[in-house]
1. Determine which single condition Ile138 fails, assuming it passes every other condition in (1) part of a loop (DSSP other than H, G, I, E, B); (2) over 20 Å from Leu59 (Cα atoms).
2. Quickly run through the stretch 159-177 and pick out the residues that are in contact with an Asp or Glu (Cβ under 9 Å, 6 or more places away or on another chain) and open to solvent by 40 Å² or more (accessible area, probe 1.4 Å).
3. Residue check, Val7 against (1) in contact (Cβ under 8 Å) with a residue 40 or more places away in the chain; (2) open to solvent by less than 30 Å² (accessible area, probe 1.4 Å); (3) not hydroxyl-bearing (Ser, Thr, Tyr); (4) not in a loop (DSSP other than H, G, I, E, B), all met but one. Which one?
4. Please count how many residues of the stretch 245-258 are open to solvent by 20 Å² or more (accessible area, probe 1.4 Å) and over 13 Å from the mean Cα position of the chain (by Cα).
5. Looking at (1) open to solvent by less than 20 Å² (accessible area, probe 1.4 Å); (2) within 19 Å of Ala22 (Cβ to Cβ), which is the one condition that is false for Ile87?
6. Looking only at the stretch 286-316, count every residue that is at pLDDT 95 or above and either among the basic types (Lys, Arg) or within 20 Å of the chain's Cα centre (by Cα) (or both) and tell me the total.
7. Tell me, which residue of the stretch 90-121 that is open to solvent by 80 Å² or more (accessible area, probe 1.4 Å) and small (Gly, Ala, Ser) is farthest from the chain's Cα centre (by Cα)?
8. Between a first residue in the stretch 240-268 that is farther than 22 Å from Ala18 by Cα and a second residue that is among the polar types (S, T, N, Q), which pairs have beta carbons less than 7 Å apart while being 6 or more apart in sequence or on different chains?
Amino acid sequence: MMIDDPVLLGDWHVVARASELAPSSVRPARLLGVDIVVWRGEDGIQVWDDLCVHRGSKLSGGRVRDGCLTCPYHGWTYDAQGECVRIPAHPAQKPPPRAHTNVHPVKVAYGLVWTCLGTPAGELPPFPEWDDPSYRNIPCGPYLFRALGPRVIENFLDVGHFPFVHAGYLGDPAHTEIDDYEAVITPTGVISRDIPIWQPDPDGTGQSAKVLYTYEALKPLTARFTKAQGEKRFTMIDIVTPVDEGRSLAWAIMAMNYAFDVPAEKIVLFQDEVTAQDLPIVESQRPELLPLDLQSELHLRSDRTAIAYRKWLRQLGLKYGTS
């Protein structure tokens, strides 16, 4: 069943990594409870409902031929506009006007394939480091969370858990205090600047440092941080795809303007291990729905980013994953 949330239906969501879609490849995906098919034809990448209108079979089991996608059940053939152009059982018969699938808009950015199940109401979240030659970009994930998107994003925005969930990596039980900081709701989201944190291994390079975090919530299910060490910048964007009511996929990109000699595989392994530490915590949180009523849970000064995020979601009218 489709997740009926106007905010998310009008937003852009990631459904694949472009580099993993070879020519003529076909793959299934799921977004907002809807089965979709992602495929690459002669006209580029397409995203449709994963449904043949003849007998309801999944088009993701089909093949690409001559720029068209063929249903695996009875061979009905759909062109790049989603129109059926051939019915093999009756090759001389012109397919009826109703013989078409739902075609969704597609954008390819930051190496990711984005789509929208409704009418797009905004632009993609900004990630200027992707086109900045002074940065190296390192994709990682996607990571499957058996949790709802707002809980995943709020965990990403949280610094207080570092000494306990990520001890030895992003925090140290001997350094638990969070200095005061300000979180602001802006016309484009939430921002918290210059939160000082001491970290044993802030980026996977193995070098401890005192870093300054700046967090931004860019979309209801997209956030980023930048941690600064003098002139060094480590930025990460986290883009959460609402698969259905029980699962979320977190796609991430790390960007660094230093440590170009450190293998990308080492940095990805670092993030894999950090995320593996987050997974059981986020999946265990109750209630599963993020409470937007601030009286429902206890809050501290160190929770200011999360408080601002919840207030912002309420302003947006987000229904998915919230209570």
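1. (1)
2. Residues satisfying the conditions are Gly168, Tyr169.
3. (2) is the only condition that Val7 fails.
4. Let us first name the residues in the stretch 245-258 that are open to solvent by 20 Å² or more (accessible area, probe 1.4 Å), namely 245-247, 249, 257-258.
In the following step, the residues that additionally are over 13 Å from the mean Cα position of the chain (by Cα) were identified as 245-246, 257-258.
Of the residues in that region, 4 qualify.
5. Answer for Ile87: the failing condition is (2).
6. Counting residues in the stretch 286-316 that are at pLDDT 95 or above and either among the basic types (Lys, Arg) or within 20 Å of the chain's Cα centre (by Cα) (or both) gives 14.
7. Ala92
8. Close Cβ pairs (under 7 Å, with a partner that is among the polar types (S, T, N, Q)) amount to Asn257/Ser134; Ala259/Thr205; Val262/Thr205.
The values are calculated or read from the model by the stated rules, or taken from the named source; none is laboratory data. From a predicted model like this one, the values you see are computed outputs, not experimental measurements. Heads up, the Cβs are rebuilt from the backbone with ideal geometry, glycines too, and the neighbour counts pull from every protein chain shown. These area figures cover heavy atoms from the full protein model, side chains too; ligands, DNA and RNA do not enter into them. Shrake-Rupley method; radii C 1.70, N 1.55, O 1.52, S 1.80 Å.
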